[in-house]
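Computed from the coordinates by the stated procedures, all read-outs in this text should not be read as laboratory data. Keep in mind it's a predicted model, so treat the numbers as computed, not measured. Neighbour counts run over all protein chains shown; Cβ positions are idealised from the backbone, glycine included.
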Amino acid sequence: MKFINTLILIISIQFCFSQQTPKELKDIESEINQLMKKYKAVGVSVAVVKNNKVIYSKGFGYRDLENKLPVTTNTLFPIGSVTKSFTGSVLGILASKNQVSLKNKPAFYLPNFEFYNETMNNLITIEDLLSHKSGIGNQGTTQIFFPEKNRLKMVQRLKYLKPEAEVKNSFTYSNMAYTLAGTIIEQVTGDSWETNIKEKIFTPLEMTNSYTILDKMKKTSNYSLPYGIYKGEIEKVTFEEFNTINAAGAIKSTVNDMSNWILTWLNNGVYKNSQIIPKEYIKKATTLQNSNEGNYEKDAFLFGEGFGWRLRSSYGRFRVEHGGNTYGFSSDLALFPFENIGIVVLTNQDNSLLPYMIVDTITRRLFNITPGANYPVKVKEIYKPLPYKQFNKDKMPTHSLNSFCGTYEAKGFGKIEIVKEKDKLYAILPTYKFQLEHLNYNSFFLKPTKEFKDLFNPQFDIQFMNNVKGKITSLKMYSQKKPIEFNKTH
């Protein structure tokens with residue numbers, strides 16, 4: 001009995017010692033709390049990995065401000081675009097099993113698929129999708145304004161969608177490219193992207209508290225609510241619905257689970273002696289695949305993309321990183337592979353640089369670098385529409401309001417109904433109804449109604465066009481790099 005009690009005491013002492021904050025991070029809580037105060041942040045969760053073990057993890061603030069429910073290291077947060085490294089990894093796993101080749105063209109795996117032109121068809125590979133050099137661009141209008149639940153049907157729209165940059169010779173961030181990558185996974189395996197993420201990553205990495213579906217997260221007892229800042233005040237906001245773009249940003253996780261993800265990447269894809277992500281893919285994903293512009297400085301002289309990761313030189317060290325933004329949440333995950341260090345910060349603040357500031361604070365501590373200057377407070381305010389304004393009396397429309405009414409359609413997007421209600425024009429889209437606020441002559445902009453709950457600013461300009469006979473025949477929507485033309489069908 002005495003031996004057992006002594007053994008328990010030793011184990012208890014070792015456990016307590018292992019939980020102690022490492023000397024490099026002593027009093028880090030005060031710095032994080034100060035940053036949270038400056039940012040008016042509600043909650044933060046942090047984990048630090050070094051030399052194949054978690055050396056620090058802690059929750060700060062609240063996951064539910066109203067009910068004062070605290071953030072813990074097991075609190076779930078949507079991680080936004082950090083999801084992209086997961087999608088790329090599934091393709092890497094499939095490639096190791098010869099089920100797919102990253103050098104193949106998407107049409108090799110997708111039925112009835114083609115891009116906007118032959119140049120894209122001939123040049124774009126899966127590798128280009130993962131490194132943002134496909135030229136496709138974000139294509140947010142078709143994905144957000146005209147959502148399609150069937151992912152294959154969504155990517156088949158690319159036949160009608162103009163590229164936003166030069167193929168192979170540009171960097172253009174693209175959620176649509178990752179939607180396409182996720183669809184390839186589904187077509188190759190016969191299972192959904194969600195199932196593939198769970199079976200190929202979550203389960204073997206023991207990420208038992210991670211999800212791809214919002215409703216499943218909401219059924220747990222420890223998830224964070226989303227918040228934003230408006231006119232200096234904290235406001236609860238809505239969760240983002242990803243529809244078909246899940247593969248670009250839909251994962252919800254905890255810093256405890258994300259620590260397993262970090263451990264795996266820092267150990268060449270191995271987790272607990274099992275090769276989960278192929279070593280060859282890890283190497284390619286963290287090797288420069290696409291260059292990106294940046295302000296080169298003494299300690300920052302590399303800016304580029306791997307597969308689902310952004311590659312940087314920071315503090316004179318190689319840094320592999322990706323951040324994430326989704327309604328009410330901002331996150332950052334940074335790896336320093338040569339130093340075997342990883343940091344993840346999850347926050348419930350919309351469009352915020354706070355996670356990057358915390359990562360920088362921790363990194364400087366770990367590398368014994370002089371603390372940065374006073375960190376800037378950069379939080380983009382949540383969007384709210386201003387009151388409706390009357391017509392521009394000096395530049396009135398050239399036609400009666402009834403002349404603008406009708407159905408307008410564009411291939412690759414969908415239909416817009418323009419209707420008149422009480423001397424005002426409205427644009428009815430599949431999931432939104434916008435009021436048209438007058439700018440000048442036959443130009444308006446989309447003005448959200450009271451029912452609009454999303455956080456993005458939808459106030460894109462609309463210009464109605466007429467033919468040589470003066471009849472309104474089309475409208476142009478200025479929501480992307482190039483205007484989208486919708487032709488009037490009736």
Along the dipole axis of segment 393-488 (charges at Cβ: +1 for Lys and Arg, -1 for Asp and Glu; origin at the Cα centre), the most positive-end residue among Met396, Asn457, Asn467 is Asn467
In debye to the nearest 20, the charge dipole size for segment 277-382, taken about the Cα centre with +1 at each Lys and Arg Cβ and -1 at each Asp and Glu Cβ, equals 260 debye
Counting only DSSP loop positions in segment 401-454, the trypsin sites (Lys or Arg not before Pro) whose Cβ has at most 12 other Cβ atoms within 10 Å are Lys411, Lys422, Lys450, Lys453
re segment 60-191: pairs of Cα atoms spaced beyond 27 Å account for a percent value of 27 percent
The base-10 log of I(q)/I(0) that the Debye equation returns for segment 393-488 at q = 0.14, 0.19, 0.21 Å⁻¹, one scatterer per C-alpha, is -0.48, -0.92, -1.13
Highest mean packing first, using Cβ neighbours within 10 angstrom, the peptides 299-311, 375-387, 455-467 sort as 299-311, 455-467, 375-387
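For the chain, what does the convex hull of the Cα positions come to per residue, in cubic angstrom?
181 Å³
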Computed for the chain: size of charge dipole around the Cα centre, +1 on C-beta of each Lys and Arg, -1 on C-beta of each Asp and Glu, debye to nearest 20, value 320 debye
Taking a crude spin-label model, label points 7 Å out from Cα along the C-beta direction, the Lys219 to Phe301 distance in nm is 5.4 nm
Over all Cα pairs of segment 302-389, the Kirkwood radius sets Rh, and Rg/Rh then becomes 1.07
Expressed as a whole-number percentage, the relative contact order of the chain with C-alpha contacts under 8 angstrom and at least six residues apart is 16 percent
